[in-house]
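Participant: What follows is a single structure, and I will ask about it in a moment.
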Amino acid sequence: MTTKLDTYVSSGSFAADIERFYPDRPVSQAAPGVRPEQLEKLPASVKKELLALDALARAGKVPALGKNPGLRVGFFDFGYSLAEDLGDELEEVFEDGGKPLELARTAIGLADNGGGVMFCLLEDGTVAGLSMESFHSWQWYRFDDLGTFCWVLLHGTAVGDDKYPVEDFKAKVAELDCALTAKVLLPFSKEILPPLPEHLEDMPAWLQ
């Protein structure tokens, strides 16, 4: 049975793990954070998680995470709105329309992986990567919730710094079935990930 992480942030576990692994690491420079209008369509449980992360970011308690200084995952995109930034150009950027454009209208930016992919919270509570340099295309794989995204980001970094057991990390990522998304989030070596599943041949239903 999979242990859900959908309350990992709001329960205080994320903050406690940050303190355990990186009490002295410089914090990520966060954007002003989420705005009330961005919360309107989110389910109550998702809103609670996002507000908990927002509080941590505003308090300067979320460190820059990643394998090396050049690939730190920074929360400077936190609260970013594609619709607000692109305005009338949003439909031009997502010129094929459909579901990708619909998702872009309400996506809430979380963090950038330093390699051109911004991770966004979607209305249904999942977290998906958006390739900012590849015609604004959505990655086909996503995290089930904000807690899973934060857990993988923090613990994956801790594994690289020999602060968390690699076998425990591999087992949890396999349990959460998010190895392909984790590989996009951080440039993990194969040694710290479970066996990667086959890539999808067809666009997943959530993007159709």
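Participant: Could you size up the charge dipole of the chain around its Cα centre, putting +1 on the beta carbon of Lys and Arg and -1 on that of Asp and Glu, and report it in debye to the nearest 20?
Facilitator: 920
Participant: Further question on the same structure: Tally Lys/Arg at +1 and Asp/Glu at -1 over every other residue whose Cβ is under 15 Å from the Cβ of P36; what's the total?
Facilitator: Local net charge: +1.
Participant: Sticking with this one: Can you give me the accessible area per residue for the chain, using a 1.4 Å probe, in Å²?
Facilitator: 50
Participant: Further, regarding this structure: What is the sum of charges around V46, taking Lys and Arg as +1, Asp and Glu as -1, for the other residues whose C-beta is under 15 Å from the C-beta of V46?
Facilitator: -3
Participant: If we count every other residue with Cβ under 11 angstrom of D6's Cβ, Lys/Arg +1 and Asp/Glu -1, where does the sum land?
Facilitator: -1
Participant: Beta carbons within 10 angstrom, averaged per residue: use that to sort the peptides 35-43, 164-172, 78-86, highest first.
Facilitator: The most tightly packed comes first, giving 78-86, 164-172, 35-43.
Participant: Students often forget the sequence filter, so: which lysines lie under 18 Å Cα-Cα from K99 once same-chain residues fewer than 8 apart are removed?
Facilitator: Result set, ordered by chain and number: K41.
Participant: Now for a separate question. Of the peptides 191-201, 51-61, 90-100, how do they stack up when ordered by the mean number of other Cβ atoms within 10 Å, highest first?
Facilitator: So the peptides 191-201, 51-61, 90-100, ranked by packing, come out 51-61, 90-100, 191-201.
Participant: Next up: Step through the table entries K4/K47; K61/K163; K4/K170; K47/K183; K4/K183, compare each Cα-Cα distance with 23 Å, and write down the pairs that go over it.
Facilitator: K47/K183
Participant: Going by accessible area, probe 1.4 Å, with all protein chains left in place, what is the ranking of K47, K163, largest first?
Facilitator: Accessible-area ranking of K47, K163, largest first: K163, K47.
Participant: If you don't mind, there's one more thing I want to ask. Run lengths n ≥ 4 of DSSP H only: what is the helix-derived mean residue ellipticity at 222 nm for the chain, with -39500 (n - 2.57) per run over all residues, to the nearest 500?
Facilitator: -10500 deg cm²/dmol
Participant: Then there is this: Of all accessible surface on the chain at a 1.4 Å probe, what whole percent is carbon and sulfur?
Facilitator: That share works out to 50 percent.
Participant: May I pose another question? Students sometimes get this wrong: rank M203, M132 by accessible area, probe 1.4 Å, all chains present, largest first.
Facilitator: Greatest to least solvent exposure: M203, M132.
Participant: How high is the relative contact order of the chain, in percent, with contacts defined as C-alpha pairs under 8 Å that are six or more residues apart?
Facilitator: 20
Participant: Report which label in [x] 18.6; [y] 17.3; [z] 21.3 holds the value of Kirkwood radius over Cα pairs in Å derived from the coordinates of this structure.
Facilitator: [y]
The values are calculated or read from the model by the stated rules, or taken from the named source; none is laboratory data. Just so it is clear, the structure is predicted and the values come from calculations on it, not from any experiment. Here Cβ is always computed from backbone atoms with ideal geometry, including for glycine, and neighbour counts include all displayed protein chains. Side chains included, ligands, DNA and RNA excluded: accessible areas come from the protein's heavy atoms. Shrake-Rupley method; radii C 1.70, N 1.55, O 1.52, S 1.80 Å.
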